[in-house]
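The values are calculated or read from the model by the stated rules, or taken from the named source; none is laboratory data. Every value quoted in this text rests on a predicted model; they were computed, and no experiment measured them. Note that each Cβ is placed from the backbone with ideal geometry, even for glycine, and that neighbours are counted across all protein chains shown.
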């Protein structure tokens, strides 16, 4: 009998069949996730790093603006929008994010909107869909996450990127 047990990796099916280990976090209020700056470098997207690969996650928009969710830092930007480094995202690139609308009446009335995804990933990125042309924190939004984690270490999961050394890798993530 072998004493070398297989370790859980990204294709270890039983890891995704068992219940997830809970992971919960919430943004620092409904104003942490900033919008896009059309004139200069945008703020960095809010980055959530999971300690293990997810089995599923539920994201709730707790702010008063539409929330963008992506799997890479550039994925939450639309073509032509200013990235945090001050350059514009290429016009030939895609929108590689999905949006979660705000609940009717916004967070002040306790209304929210949420989405559950059975997706395995190790990182999520968030931006507000509103532009910086709104005054003060009017362009910002917030989120809450409930994720079910597997026992697969994040280092065992591949890096989701739109390109590696200039060649396409995972299409559709940015």
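Restricting the range 9-24 to residues that are at pLDDT below 80 and assigned to a loop (DSSP other than H, G, I, E, B) leaves a set whose member that is nearest to the chain's Cα centre (by Cα) is 10.
In the set 104, 134, 144, which member is surrounded by fewer than 16 Cβ atoms within 10 Å (Cβ to Cβ), closer than 22 Å to residue 29 by Cα and at pLDDT 90 or above?
Testing whether each residue is surrounded by fewer than 16 Cβ atoms within 10 Å (Cβ to Cβ), closer than 22 Å to residue 29 by Cα and at pLDDT 90 or above leaves just 144.
Would you confirm whether any residue within the range 73-89 is in a strand (DSSP E or B), modelled with pLDDT under 90 and surrounded by fewer than 17 Cβ atoms within 10 Å (Cβ to Cβ)? Yes - at least one qualifying residue is present in the range 73-89. Of all residues in the range 90-101, count the ones that are out of contact with any helix residue (DSSP H, G or I) (no Cβ under 6 Å at 6 or more places or on another chain), modelled with pLDDT of 90 or more and either surrounded by fewer than 12 Cβ atoms within 10 Å (Cβ to Cβ) or in a strand (DSSP E or B) (or both). Residues flagged as out of contact with any helix residue (DSSP H, G or I) (no Cβ under 6 Å at 6 or more places or on another chain), modelled with pLDDT of 90 or more and either surrounded by fewer than 12 Cβ atoms within 10 Å (Cβ to Cβ) or in a strand (DSSP E or B) (or both) within the range 90-101 amount to 3.
For the range 107-122, the criterion of being farther than 26 Å from residue 23 by Cα, over 12 Å from the mean Cα position of the chain (by Cα), at pLDDT 75 or above and surrounded by fewer than 21 Cβ atoms within 10 Å (Cβ to Cβ) is met by no residue.
For the range 153-170, a residue qualifies if it is in contact with a strand residue (DSSP E or B) (Cβ under 8 Å, 6 or more places away or on another chain), over 30 Å from residue 31 (Cα atoms) and at pLDDT 90 or above, and exactly one does: 153.
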